[in-house]
Amino acid sequence: MVALHNVRKSFGPLEVIHDVSFSVEKGEVVCIIGPSGSGKSTLLRCINGLETYQGGEIVVHGERVDTKARSIRQVRTRVAMVFQRFNLFPHRTALENVAEGPIFVKKEPREQALAQARQLLERVGLGAKIDAYPAQLSGGQQQRVAIARALGMRPDAILFDEPTSALDPELVGEVLAVMRSLADEGMTMIVVTHEMGFAREVADRVLFLDGGVLVEQGPPSEVLSRPQNPRTQDFLRRIL
Ligand code: ADP
Ligand code: MG
């Protein structure tokens, strides 16, 4: 579904992603862990075409991600992104936030898009909040609206960039529960997270990124429990 081949990304003279290769199969959940500044967000932004990259190739569902190509809008609708800070439209209700993409980007009929948005909000446990504005919702509820919005585009994969890092601790669980249910339903997901419990229980594979280098990858039982690389060992020792 998603494949990276020797990807390199620089900001000016500074190379921040060095020769990264990995692939994600349909229905797979891959968690990316690593220290702050290691390039996790940049990598996700390259995958859905929000950033250009200078070397290698990223392929999503058979299509090369090339920010200059006309197909880039296609890639962006196929790969949805959920951000740390929700990024909802503040002057639109939960329902309008979810229906916006299908109506204006996918040109779906308005009534159909609104009906689907209602269903999606129910699916994330917010059926009673469809007319609420973001400011009337808790952080956990806002992030669940953001997940419903991502689902509304019927993506092939969803990228999550630290989706629970901005939440009060008591709200983290409700968002992880929604993500877990998506994983159970077979959604292809790439999740940047510091939630090691989630990674351990839900991820098929864990990738450790450090200084823009993909240092180690494997099933959580290996990478998290028996890391081979000293840099992975050191990182896990510091966060656990
Ligand atoms: P992470 O998400 O793992 O914390 P980032 O992908 O945000 O890491 O950043 C990786 C590196 O790229 C850091 O050194 C950061 O300073 C740099 N960087 C990120 N975005 C930009 C940008 N727009 N311009 C210049 N440097 C950037
Ligand atoms: Mg980041």
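The values are calculated or read from the model by the stated rules, or taken from the named source; none is laboratory data. Computed from a prediction, not measured in an experiment: that's the story for all the values here. In this analysis, Cβ positions are derived from the backbone assuming ideal geometry, glycine residues included, and neighbour counts consider all displayed protein chains.
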In the list Val2, Val79, which residue meets the criterion of being more than 11 Å from ligand 1 (Cβ to nearest atom), at pLDDT below 95 and crowded, with 23+ Cβ neighbours inside 10 Å?
Val79
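How many of the residues in region 152-165 are among the aliphatic types (A, V, I, L, M), farther than 17 Å from Ala199 by Cβ and at pLDDT 95 or above?
Residues in region 152-165 being among the aliphatic types (A, V, I, L, M), farther than 17 Å from Ala199 by Cβ and at pLDDT 95 or above: 1 in total.
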Flag if Gly101 is crowded, with 18+ Cβ neighbours inside 10 Å and small (Gly, Ala, Ser):
yes
Restrict the check to region 135-149 and report whether at least one residue is closer than 26 Å to Ile33 by Cβ and within 16 Å of ligand 1 (Cβ to nearest atom).
no
